[in-house]
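Only one structure is covered here, and it is reproduced in the block below.
The values are calculated or read from the model by the stated rules, or taken from the named source; none is laboratory data. In this text the structure is predicted, and so the values were computed from the model without any measurement. In this analysis, Cβ positions are derived from the backbone assuming ideal geometry, glycine residues included, and neighbour counts consider all displayed protein chains. Calculation scope for accessible area: heavy atoms of the full protein, side chains included, ligands and nucleic acids excluded. Shrake-Rupley method; radii C 1.70, N 1.55, O 1.52, S 1.80 Å.
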Amino acid sequence: MENFLLVLTFLCAAVEWLAVAKGWRKVEYLAKPGVMAFLFGWLWLTGGLGGPLLWFGLAVLLSMAGDIFLLLKNEHRWFPFGLGAFLLAHIAYIAGLNLPPAPLNTLTLGIALFVGMTVFPLIRRILRSLPKKGLRRLVEPVRYYSATISLMLFSALVTLFRVDWLDTPAYLVSLGAVLFVTSDMILAWNKFVRPIRRGRLALMVTYHLGQILLVMGAVGQFGM
């Protein structure tokens with residue numbers, strides 16, 4: 001049953017990608033949140049919801065809520081709610097990745113510097129575009145969101161060098177975090193800076209693969 005749910009997760013993601021490519025909006029109303037629903041079911045049955053996995057499960061549910069908010073009509077009204085749901089999802093991932101907390105040493109400080117140098121130039125460009133789009137009210141929320149996703153990416157990459165993390169789960173959550181942050185950057189760039197050719201499709205592919213890999217890595221590390 002567990003493997004079947006994971007297969008359904010990937011199949012539902014593929015349907016969502018096709019719906020985005022073809023403009024099948026009605027299909028998206030089911031497929032987009034369906035991916036997170038199947039992923040949560042797989043997490044629950046495979047790893048349980050105890051310990052750090054409780055935070056990963058919460059992150060998946062919050063992401064599903066964010067997906068639903070961003071599907072609703074009148075996008076300008078619901079976008080802040082979607083942003084808030086995903087902000088909380090990233091915080092939940094941070095909590096799960098830091099149980100127990102990551103050590104603070106020269107290596108982790110180097111990773112933090114790498115994340116900052118990689119992500120900050122893109123964030124700065126996005127923030128500069130908001131007032132030009134008449135969206136000055138979103139500057140502070142986007143700034144806080146950007147700091148949070150940077151911390152999530154840092155928390156995932158640190159697992160590559162933690163002795164208490166297994167190799168494969170560390171690789172999975174690190175790649176998943178990179179893809180998840182990439183999807184956020186594509187969304188923001190496409191929405192606030194300039195349109196990206198097939199940007200929404202690239203956004204959904206990186207988003208779903210990122211979420212799936214994060215959860216798979218967490219189950220591999222903390223599962224029963």
Going through the cross-link list Lys26/Lys73; Lys22/Lys191; Lys73/Lys133; Lys26/Lys133; Lys32/Lys73, which pairs have a Cα-Cα distance over 23 Å in this structure?
Lys26/Lys133
Over what distance in Å are the Cα centres of segment 1-43 and segment 118-141 separated?
31
With the 1.4 Å probe rolled over protein heavy atoms, segment 117-182 has an accessible area per residue in Å² of 53
For segment 184-224, what is the accessible area per residue in Å², given a 1.4 Å probe and the full set of protein chains?
43
Sum -39500 (n - 2.57) across every DSSP H segment of at least 4 residues in the chain, then divide by the residue count to get the 222 nm mean residue ellipticity, nearest 500.
-28000 deg cm²/dmol
Rounded to a whole %, the carbon-and-sulfur portion of the accessible area of segment 67-134 at a 1.4 Å probe is 72
To the nearest whole percent, what portion of all C-alpha pairs in segment 155-197 is separated by more than 14 angstrom?
55
For segment 90-106 versus segment 144-189, the gap between their alpha-carbon centres in whole angstrom
11
Under a Cβ-Cβ cut-off of 15 Å, what is the net charge of the residues other than Ser183 that fall near it, where Lys and Arg count +1 and Asp and Glu count -1?
+1
Subtracting the Cα-Cα distance of Asn105 and Arg125 from 0.36 nm times their residue separation yields 4.1 nm
When the Debye formula is applied to the Cα atoms of segment 51-104, each taken as the same point scatterer, what base-10 log of I(q)/I(0) results at q = 0.16, 0.17, 0.29 Å⁻¹?
-0.49, -0.53, -0.98
About its Cα centre, how strong a charge dipole does segment 136-190 have in debye, to the nearest 20, once Lys and Arg get +1 and Asp and Glu get -1 at the Cβ?
300
Can you tell me which of Ser146, Ser129, Ser63 moves the most in a GNM of the chain? Springs connect C-alpha atoms under 10 Å apart.
Ser129
With the convex hull built on the Cα atoms of segment 152-224, state its orientation-averaged projected area in nm².
5.0
Stokes-Einstein, Kirkwood over Cα pairs, segment 1-129, 25 °C, 0.890 mPa s; D in µm²/s equals 146
Computed over segment 114-200, Cα set: Rg, Dmax in Å:
14.8, 48
